[in-house]
Amino acid sequence: MVLCPVIGKLLHKRVVLASASPRRQEILSNAGLRFEVVPSRFKEKLDKASFATPYEYAMETAKQKALEVATRMHQKDLRTPDVVIGADTIVTVGGLILEKPVDKQDAYRMLSRLSGKEHSVFTGVAIVHCSSNDRQLHTRVSEFYEETTVKFSELSEELLWEYIHSGEPMDKAGGYGIQALGGMLVESVHGDFLNVVGFPLNHFCKQLVELYYPPRPEDLRQPVQHDSIPAVDTFEDLSDVEGGGSEPAQRETGSRDEKAEVGAAGQATAEAECHRTRATLPPFPTRLLELLDGFKLSKALLTACKLKVFDWLKREAPQKAPDIASKVDASACGTEKLLDVCAAMGLLEKTQQGYSNTETANLYLASDSEYSLHGFMLQNNDVIWNLFTYLEFAIREGRNQHHRVLGKKVEDLFQDAYYRSPETQLRFMQAMHGVAKLTARQVATAFDLSRFSSACDVGGCTGALARELAREYPRLQVTVFDLPDVVELAVHFQPAGPQAAQIHFAAGDFFRDPLPSAELYVLCRILHNWSDDKVHKLLSKVAESCKPGAGLLLVETLLDEEKREAQGGLIQSLNMLVQTEGRQRSRGEYQCLLELHGFHQVQVVHLEGVLDAMLATRVAP
Ligand SMILES: O=c1[nH]cc([C@@H]2O[C@H](COP(=O)(O)OP(=O)(O)OP(=O)(O)O)[C@@H](O)[C@H]2O)c(=O)[nH]1
């Protein structure tokens, strides 16, 4: 089939990608498609046994994902989208369908099944055209699938586990990502590579050509020469095509001859349109405009947190905009706009009855939730936001910008900036507490630490990580070592419980005072705050306090060596520049630092989110 630049056909439509997969978003935006992302809530649990083939299962799942989004958007009284795209990727081997692994053991089972063998990757895609009549949603579904075969090398146990610990397999069909580390496992690929990654772009474009450019009469009369165009499944709305060809053709109702005649006229117009589009219209810069709007969305989220909108809605819901406005002491018109943006961001639900929190808002944005990030949001709103307004200066000067925000010299980062008043210190500690609580369990379970009987969490702030370590290792005694002012307030963050007896607080400055003795030292998100000089100083103090065999658990966001990937890590680098004296470092840089200070046998585990944990052992000097 001859491909036309058919993506342009969708430029003036409201296209929605019903997928949370960042790979699908990237593939489609790289192709110049302009779309919104509304992840589907359809639970992928269709009965596999009821499908004759794996690809039918993938296509049905893709269709259900897209239809769920189309229906939800229509019901929510949002403007009905024109086109919703759904996709589902599965791996099949020896008659089994593999989806995303549920845990590391599951990933192990999948990858060992694939080791040394050839398997198939199927992606089912559904393109749902929507229209709304008398408030009724009408949909027309076009579906297809693509198959690619992939052969894996024999994989050693060591490689399998190293790969699993990288964290990459967890959100990927079959437990691997061919586009990243998983590429190492692959000996050969037969078929469309992007299909393996999650979206068969080429077949998608062909499908659009079928939908938007009906076949010419001669194609229909000599089907044998054009058997790659399945005439039967083609939608053909001949009047539409004559009118400019920007709508997909409707499912056929007339005879084949009727279709053919008008189809020819449509083809001529469509081709002219096709050329005009190519000559005048560059790809729409969707991603660019989304990036541009990013700061406005962040500020809307931070403002809603600051006004405690999510707290009010946790207490009582649904509520209408004027009621919330009066509670948060704000204008009704401004509050309504803010609430609508929060709903569009997926933080609130909006119905005829008013607004309610989504699960995300209840879990993380209400200030009294167990895993609340409310304090972190306030720190971002009241401190980090201001620092980022001086990003240009930070980049020109290569240093943090507290002096500009505060209008005075900052010599000691913590005493002069973060802890300059009880109020700023409490806000900082609340922020750190929220983030630490969210990640503490993963950090505590990243390695088997049962051989240690004592630990010192250096700069451990409110003791959130200490608590999780104590819970995981009931014979471990943990000392949280932090500045006297911090230790004084930290008790307020420590709930009573069986772990309390295992946790002790010790006051001191880790650059000046001796460290409490321990078999395991923990530096969780500490080193990134400091310059290389200070990092050396701290590591040599830790090394001096350690006996051979002692451990050092380091938790940071590791950059890749070329500093090209992991947007989360790279944005942290800018964050460190505007806020601290330090920087993010790569795994290699940390490994060098650790080895220089006598810590070897470095193991690394990537945690969910952006953090990585490294465990190293002190060897005899
Ligand atoms: O080599 C690779 N293989 C597969 C992937 C990614 O795996 C997932 C497949 O899962 P699914 O189709 O169910 O899609 P989700 O991620 O759950 O998102 P939806 O919201 O669309 O359900 C997909 O993300 C592939 O991109 C990969 O990255 N590499």
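The values are calculated or read from the model by the stated rules, or taken from the named source; none is laboratory data. A quick note: this is a predicted structure, and the numbers were derived from the prediction, not measured. Methodologically, a virtual Cβ is constructed for each residue, glycine included, from the backbone with ideal geometry; neighbour enumeration extends over all protein chains shown. Note: areas computed on protein heavy atoms with side chains; ligands, DNA, RNA excluded. Shrake-Rupley method; radii C 1.70, N 1.55, O 1.52, S 1.80 Å.
Within the stretch 458-472, what residues put their amide N at less than 20 Å from the label point 7 Å along the Cα-to-Cβ vector of Q415? Under cut-off, by backbone N: 459-461. Summary of the geometry: the stretch 68-115 and the stretch 382-411, compared by the centres of their Cα atoms, lie 44 Å apart.
Y163 contributes about 10 Å² of solvent-accessible surface, heavy atoms of the protein only, 1.4 Å probe.
Exceedance of the 32 Å cut-off in Cα-Cα distance is limited, within the set K9/K563; K296/K320; K104/K308; K13/K104; K314/K408, to K9/K563; K104/K308; K13/K104; K314/K408. Remark: the stretch 167-172, residue by residue, has Karplus-estimated 3J(HN,Hα) of x, 5, x, 4, 10, 10 Hz, where x stands for each Gly or Pro and the curve is 6.51 cos²θ - 1.76 cosθ + 1.60 at θ = phi - 60°.
For K63, a cut-off of 19 angstrom between C-alpha atoms picks up these lysines, skipping any fewer than 8 places away in its own chain: K43, K45, K48, K100, K206.
A simple count of charges around S298, restricted to other residues whose Cβ falls under 14 Å of its Cβ and scoring Lys, Arg +1 and Asp, Glu -1, yields 0. The stretch 560-621 and the stretch 454-504 have Cα centres spaced 24 Å apart. Taking each residue as 0.36 nm, the span from E544 to E36 lengthens on full extension beyond its C-alpha to C-alpha distance by 177.4 nm. Within straight-line reach of K76, meaning a Cα separation under 18 Å, sit the following aspartates and glutamates at least 8 residues removed in sequence or on another chain: E36, E68, D134, E336, D340, E349, E359.
Scalar couplings 3J(HN,Hα) for the stretch 477-491, obtained by applying the Karplus form with A = 6.51, B = -1.76, C = 1.60 to θ = phi - 60°, are 9, 10, 9, 9, 10, 8, 4, x, 4, 6, 4, 4, 7, 4, 4 Hz; x denotes Gly and Pro. Between the stretch 23-49 and the stretch 337-363, what is the separation of their alpha carbon centroids in Å? The two parts, judged by their Cα centres, are 22 Å apart.
Annotation: amide H-H contacts under 5 Å for V93 (H modelled 1.01 Å from N, sequence separation of 5 or more, or interchain): L98.
Grab the other residues whose beta carbon is less than 13 angstrom from that of V478, score K and R as +1, D and E as -1, and report the net. My count for the surroundings of V478 gives -2. Phi angles of the stretch 370-380 translate, via the Karplus equation with coefficients 6.51, -1.76, 1.60 and θ = phi - 60°, into HN-Hα couplings of 4, 9, 5, 9, 4, x, 5, 5, 5, 4, 5 Hz per residue; Gly and Pro are given as x.
Neighbours of E147 by Cβ distance under 15 Å: Lys/Arg scored +1, Asp/Glu scored -1, total -4. What is the list of residues in the stretch 580-621 whose amide nitrogen lies under 13 Å from a point 7 angstrom out from the Cα of A180, following Cα to Cβ? Only 606-612 fall inside the zone, counting backbone N under 13 Å.
Annotation: per residue accessible area for the chain equals 47 Å², rounded to a whole number [probe 1.4 Å, protein chains only].
Close amide H contacts of F447 (hydrogens built in the peptide plane, cut-off under 5 Å, sequence separation of 5 or more or a different chain): none are found. Considering helices alone, the calculated mean residue ellipticity of the chain at 222 nm is -12000 deg cm²/dmol, with DSSP H runs of length four and up weighted by -39500 (n - 2.57) and normalised per residue.
Share of carbon and sulfur in the accessible area of the chain stands at 52%, probe radius 1.4 Å.
For Q494, no residue 5 or more places off, or on another chain, has a built amide H under 5 Å of its own.
Judged by the ratio a/c of the largest to the smallest principal axis of the C-alpha gyration tensor, the stretch 302-369 counts as rounded, that ratio being less than 1.5.
When a/c is below 1.5 the answer is rounded, else prolate if a/b is larger than b/c, else oblate, so apply that to the stretch 2-212 with a ≥ b ≥ c taken from the square roots of the Cα gyration tensor eigenvalues.
prolate
Can you give the angle from 0 to 90° between the axis of helix 532-545 and the longest principal axis of the chain, with both taken from C-alpha atoms, to the nearest 10? Between the helix axis and the principal axis of the chain, the angle is about 60 degrees. Axis of helix 201-212 versus longest Cα principal axis of the chain: the two differ by about 40°, to the nearest ten degrees.
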